[in-house]
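Visitor: The structure's right below; bear with me while I get my questions together.
None of the figures in this text is laboratory data; all of them are computed from the coordinates on show. No experiment lies behind these values; they were computed from the predicted model shown. Here the Cβ positions follow ideal geometry from the backbone for every residue, glycine too, while neighbour counts run over all protein chains shown.
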Amino acid sequence: MRLKMRRAVITVLGGCFLLVTLFLSGSKWSSCTDVNRLDNNFYRDGAPHPDGSKLTRLSTQAVDLTKNSIPYEELDCVINGEYTVGCRREGDDVYLPFSFISKYFEVYGKLVQNGDDTRFEWSHSYSHVYVPDGTYSPTGIFMSFEHYNVEKRDRVKCISAIEGVPISTQWGAHGYYYPIQIAQYGLSHFSKFLTEKPRSSIVIEDAEDDRAADQWAVVGQRGTVSSVIDRHRNTHVIEFDTSDSIHNPGIVHQLENIIFGFLFFDIRFENNGSVTVAMEMKGRPNRLFYLHYICSENVLAVSEDNVYYGIGLRRTWGRVTRDLMVDAQKGIMMQLGKKFRGSRLVPLRVISVSVRGHGWIDNITFASSAHLEQMYDAADWFVRHQDNKGGWPIMVTRKLALGRLELPPGWYSAMAQGQAISLLVRAYDRTKIRAYLDCALRATKIYNIPSSEGGVRAMFADKYPWYEEYPTVPSSFVLNGFIYSLIGLYDLKTVAPPEEARDTESLYSTGISSLKALLPLFDTGSGSVYDLRHFTLAMSPNLARWDYHTTHINQLLLLSTIEDDPVFEAVANRWIGYMKGKRAAHN
Ligand SMILES: *[C@@H]1O[C@H](CO)[C@@H](O)[C@H](O)[C@H]1NC(C)=O
Ligand SMILES: *[C@@H]1O[C@H](CO)[C@@H](O)[C@H](O)[C@H]1NC(C)=O
């Protein structure tokens, strides 16, 4: 970053002497006429803001300086009587280094080259508000989740090939299933499905052709391969039978020109076996890289150029959907740890698919994406793993508020319940499979159980029920998790038959009333707070960083499209102002 900026400065300034000094100092400068003004009203609503024209002076002024040799003078600037920063004075103006300003006020700025013109761009925050372009729909895009890339995050260990969902390492290095992450994985893929252009795909094996088996070659140890009719699925499939040893090259289907990074297939094994994908990586022409999907309950193992994903036992038909790029990268990351740089090994093309053991395979397909499959993998996980209370217990210790609050493994989260419901409702809407709807309806039960009894329901001032993302005692009242829990209820009450959604409806309207009553407590006048720990624990306020502040805004904007009360839009707009440095007026 710094390097780039320096280079930009050189380009603009050429080789002049004065500016070489400026360049050597490595700082960028911004003008502020007098420090008092900055303190008093520079940032307040309606007051003058540091606008583009003023900041552009950085570069143009700098050029003028050299041309006309306008003199400037070095000057000490004493900050609140506490320490000194080197400044420059030019006539009546004083310039502070932007490196100081950016830290002091937590603002962001960079030199931006636009043709021959360079300017300095200042921003008060770093994140982006997605203004909804219509009324929110419980069966449509979820918030702006089409921009999420859950599986690429470092805190995702890998996508389990047993469950088809991410495994988190966020609060437990060994890895665990985190329902919020799984729901977000499903919702982001569903949203991408709705926003991206249709995918391309190629079926390399559906066993329908008489000569289908001829495409497979028995390599290494002895084996047989043939196209047969499967009595369970009543369709042609490939049957293979050879040693299940991982050292057996197996029965191989060579491929050409496969450039798609997603693979899915239907598989069943008699006893044990594996499916291997051999790939060429960018920049390594003569060395292959192998992804092995093996009958094992071990999620992930690696050795050199081999990555092993367990797919469970697979004694009955089931589909395996894999993002080969993510599988390769997570394997390499496991091997190299922090040394790994995401772009270092990029799969270039698939060379072959091979099988081992005795089993049956069908519908081997490569595709440019697999969003719906990934979304259903996540939705199915929620159906399979819901407990008898209707929840998905989180099996990891969660510490909050500098360790003053702690949730031992087995806690529920209203945010997990809510986002799971949002996902299940969408799966139900597309398939009309009752199991998704029933699962979503059962998930609302936990909303009624108080945090003190292992549920998620908190009470503010004995009056306002609140569904807790982290159901600690005392409560923390996390805002974004609460709103996600409400969005889930809204989705469900809208899509479920009215007679089945009465509870959901009442949980939702109670929650919305609490939100309207308590929303002002989250407003600091220049940003928002993440939770109410300053009230419940008498700690200093937990200010929301810009990411979360933006999430708050996006959520309020969503609510403003489904709720009549103008309060949501009004607060959202005020909070958007905070992102541009506006503040509430003072007395
Ligand atoms: C199947 O074979 C693999 C490789 O030989 C082995 O690691 C795995 O434990 C076996 N799984 C079962 C279920 O026997
Ligand atoms: C392969 O796909 C076809 C078409 O979707 C389906 O009818 C068939 O059951 C699938 N094969 C297996 C073994 O599931």
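Visitor: Quick one: compute the contact order of the chain, relative version, from alpha carbon pairs under 8 angstrom and 6+ residues apart, as a percent.
Guide: After rounding, I find 13 percent.
Visitor: Tally Lys and Arg at +1 and Asp and Glu at -1 over the other residues with C-beta under 11 Å from the C-beta of Trp575: what net charge comes out?
Guide: +1
Visitor: Could you give each residue of the range 375-383 its phi-based ³J(HN,Hα) in whole Hz, using Karplus coefficients 6.51, -1.76, 1.60 with θ = phi - 60°, and x for Gly or Pro?
Guide: 5, 5, 4, 5, 4, 5, 4, 5, 5
Visitor: Right, something else. What spacing in nm lies between the two simple spin-label points modelled at Arg222 and Ile246, each 7 Å away from Cα in the Cβ direction?
Guide: Spacing of the two 7 Å Cα→Cβ label points: 2.6 nm.
Visitor: Evaluate the distance, in nm, between pseudo-label points positioned 7 Å from the Cα of Ala173 and of Met334 along their respective Cα→Cβ axes.
Guide: Calculated label separation equals 1.6 nm.
Visitor: State to the nearest 20 debye the size of the charge dipole of the range 478-532 about its Cα centre, where the only charges are +1 on K and R beta carbons and -1 on D and E beta carbons.
Guide: Computed about the Cα centre, the dipole is about 140 debye.
Visitor: Within the chain, what's the longest run with no GluC sites (Glu not before Pro) in a DSSP loop and at most 13 other beta-carbon atoms within 10 Å? Give the range, please.
Guide: Numbers: sites that count: Glu82, Glu106, Glu196, Glu208, Glu297, Glu304.
Answer from the scan: 305-587.
Visitor: What list of ³J(HN,Hα) values in whole Hz, one per residue of the range 556-569 in order, does the Karplus curve 6.51 cos²θ - 1.76 cosθ + 1.60 (θ = phi - 60°) give from phi, with Gly and Pro shown as x?
Guide: 5, 5, 4, 4, 5, 8, 10, 10, 6, 4, x, 4, 5, 5
Visitor: Under 1.5 on a/c is rounded, so check that first for the range 368-513, then, if it is not, pick prolate when a/b is larger than b/c and oblate when it is not; a ≥ b ≥ c are the square roots of the alpha carbon gyration tensor eigenvalues. Please list the in-between numbers first.
Guide: Values: a/c = 2.08, a/b = 1.39, b/c = 1.49.
It comes out oblate by the Cα gyration axes.
Visitor: What residues of the range 92-132 lie in the reach of a label at Lys580, counting those whose backbone N is under 20 Å from a point 7 Å from the Cα along Cα→Cβ?
Guide: Correct set: 106-110, 120-132.
Visitor: Let me ask something else about it. Loop-only check: which trypsin sites (Lys or Arg not before Pro) in the range 119-175 are DSSP coil with at most 16 other Cβ within 10 angstrom? Let's see the in-between values first.
Guide: Numbers: sites: Arg119, Lys152, Arg153, Arg155, Lys157; in loops: Arg153, Arg155.
Those satisfying the criteria are Arg153, Arg155.
Visitor: In nm, to one decimal, how far is the modelled label at Glu297 from the one at Arg231, with both set 7 Å along Cα→Cβ?
Guide: Spacing of the two 7 Å Cα→Cβ label points: 2.9 nm.
Visitor: Could you give me the ³J(HN,Hα) list for the range 318-335, computed from phi with Karplus coefficients 6.51, -1.76, 1.60 and θ = phi - 60°, whole Hz, x at Gly and Pro?
Guide: Each residue's phi maps through the Karplus curve to give x, 9, 10, 10, 10, 9, 4, 4, 5, 4, 5, 5, 5, x, 5, 5, 5, 6 Hz.
Visitor: Another question, then. Please state the shape class of the range 455-578: rounded when a/c is under 1.5, otherwise prolate if a/b exceeds b/c and oblate if not, all from the C-alpha gyration tensor.
Guide: Verdict is oblate for the range 455-578.
Visitor: Under the classification rounded if a/c is under 1.5, otherwise prolate if a/b is larger than b/c and oblate if not, where does the chain fall, given a ≥ b ≥ c as square roots of the Cα gyration tensor eigenvalues? Present the calculation step by step, with values, prior to reporting the outcome.
Guide: Details: a/c = 2.56, a/b = 1.44, b/c = 1.78.
In terms of gyration-tensor shape, oblate.
Visitor: At most 16 other Cβ atoms within 10 Å plus a DSSP loop assignment makes a site exposed; report the longest stretch of the chain without any exposed chymotrypsin sites (Phe, Trp or Tyr not before Pro).
Guide: 341-587
Visitor: What is the set of long-range amide H partners of Arg398 at a cut-off below 5 Å, with H atoms built 1.01 Å from backbone N?
Guide: Here Leu407 satisfy the definition.
Visitor: Here's something else I'd like to know. May I ask what percent, to the nearest 5, of DSSP beta bridges between residues of the chain are antiparallel?
Guide: Working: 94 of 100 bridges.
In the chain, DSSP labels about 95 percent of beta bridges as antiparallel.
Visitor: Here's another thing I want to ask about it. Please state the relative contact order of the range 431-587 as a whole percent: Cα pairs under 8 Å, 6+ residues apart?
Guide: Numbers: 188 pairs, mean separation 25.2, N = 157.
Averaging sequence separation for qualifying contacts and normalising by length gives 16 percent for the range 431-587.
Visitor: In addition: Given H placed 1.01 Å from N in the peptide plane, which residues other than close sequence neighbours of Gly250 have an amide H under 5 Å from its amide H?
Guide: Under 5 Å from the amide H of Gly250 lie the amide H atoms of Val219, Gln221, each far enough along the sequence or on another chain.
Visitor: Let me ask something else. For the range 201-368, what relative contact order do you get, as a whole percent, if you take Cα pairs closer than 8 Å and at least 6 residues apart?
Guide: Once divided by the residue count of the range 201-368, the mean separation gives 35 percent.
Visitor: Let me know the charge dipole size of the range 201-368 about its Cα centre in debye, to the nearest 20, where only the beta-carbon of Lys, Arg (+1) and Asp, Glu (-1) is charged.
Guide: Taking the Cα centre of the range 201-368 as origin, the dipole is about 940 debye.
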